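To keep things clear, I will list the structure first and then write my remarks on it.
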Amino acid sequence: MLQFTLKKRAYHLQVVHKLEAEDYAARQAMCFDLCEAVDRHNLMDHIIFTDNATFHVCGRVHRHDCRVWSDELSNERHSPKVNVWLGLTQRKIYGPYMFVEQTITGDMLQLFLQPQVEQDGIIDTVVLQQDGAPPHFALAVREYLNDRFPNRWIGRASPRIWAPRSPDFTPLDFFAWGF
């Protein structure tokens, strides 16, 4: 209907990681470790899933099945945008926190998330999950996480490794960003 009436085309935006040979073993080890933590340490009772999404004025969103209807594929790189961060436990949603900065930094965790999990009384038991995005791997972020969540965070170079080029396994990817 849109194609014929408005003369628009549907563009499907998809980002795919190229898997290297060593990625398969790392992913398998990560999954084994996470399954063991769920069984032995009740990980699901303590985990806070975190994720962020970028919403562009040009229409681009991080959704697996998103289509942007337009005369041509837009250049989203310079489009105005907002970054949104969410955290999710079994009992509570933290956020959404919205930022106009290019990336969401570790300061956000300290200024926005930490006071809330302290108030909720879970700061000493919560396990913080984050993906391997480059801003999450910054030395300052890892130092903060090691100090505030010792042996209780999941990510690149963490006590519980998040394998390189692994997709997000968070419920936020599938149940939050579309709404």
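The values are calculated or read from the model by the stated rules, or taken from the named source; none is laboratory data. Given the structure is predicted, the values throughout are model-derived calculations rather than measurements. Side chains are part of the model used for accessible areas, which takes the heavy atoms of the whole protein and leaves out ligands, DNA and RNA. Shrake-Rupley method; radii C 1.70, N 1.55, O 1.52, S 1.80 Å.
What accessible surface, in Å², does a 1.4 Å probe find on His41, ignoring ligands, DNA and RNA and rounding to the nearest 10?
Using a 1.4 Å probe on the heavy atoms, I get roughly 120 Å².
Reachable lysines from Lys92, Cα under 28 Å, same-chain residues fewer than 8 places away excluded?
Partners within reach: Lys81.
Round to the nearest 10 and report in Å² the accessible area of Glu20, as given by a 1.4 Å probe over the protein chains' heavy atoms.
70
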